[in-house]
């Protein structure tokens with residue numbers, strides 16, 4: 001009988017211990033590691049993207065170029081303790097697009113491989129291609145919901161810029177630190 005009570009107590013203790021383990025996300029885009037916390041904040045909260053820059057809109061669109069739109073994102077590592085803080089390593093950036101309404105076509109996620117170290121107590125500014133030339137061209141050439149040139153059509157997106165991050169020498173877990181922004185795509189004259 002004593003053995004069964006001891007087993008039940010051990011099982012209950014294990015469940016309590018495991019349920020108290022956090023996922024490493026403190027909320028609000030803050031990632032918690034063993035020795036530091038990390039945040040990512042875009043310097044542009046809403047990007048007004050021009051699908052074709054410098055085109056003349058008279059009866060038809062003429063001239064202009066399709067250019068990649070970049071956004072700077074500040075990635076900050078803040079030590080949790082006064083000593084012993086470890087570097088963070090950003091290994092991949094995912095740009096995820098969520099159409100804001102049914103009239104906006106989907107854009108597939110894009111990925112960037114990187115190998116950037118961010119020291120504790122410092123900020124590194126990443127230049128992230130939020131909308132590339134290839135993506136703009138794909139929006140122009142879609143068979144359904146294409147981007148019309150020289151019109152008032154605006155495609156609206158919520159954008160998550162996700163930094164896949166590890167803390168070498170820490171607990172060995174990968175955390176995703178997310179910067180959020182809005183994107184409005186149109187042919188602006």
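What's the number of the condition residue 112 fails, among (1) free of Cβ contacts under 8 Å to residues at least 40 places away in the same chain; (2) within 26 Å of residue 148 (Cβ to Cβ); (3) touching a strand residue (DSSP E or B) at 6+ places or on another chain (Cβ under 6 Å)? Every listed condition holds for residue 112 apart from (2). Restricting attention to the range 124-144, the residues that are surrounded by 14 or more Cβ atoms within 10 Å (Cβ to Cβ) and touching a strand residue (DSSP E or B) at 6+ places or on another chain (Cβ under 8 Å) add up to 10.
Exactly one residue out of 103, 138 is assigned to a loop (DSSP other than H, G, I, E, B), over 19 Å from the mean Cα position of the chain (by Cα) and within 30 Å of residue 55 (Cα to Cα), and it is 103.
Checked against (1) modelled with pLDDT of 80 or more; (2) within 30 Å of residue 147 (Cβ to Cβ), residue 62 meets all criteria but (1).
The values are calculated or read from the model by the stated rules, or taken from the named source; none is laboratory data. The structure presented is a predicted model; accordingly, all values stated were derived computationally and were not measured. Every residue, glycine as well, gets a Cβ built from its backbone with ideal geometry; the counts of neighbours run over all protein chains shown.
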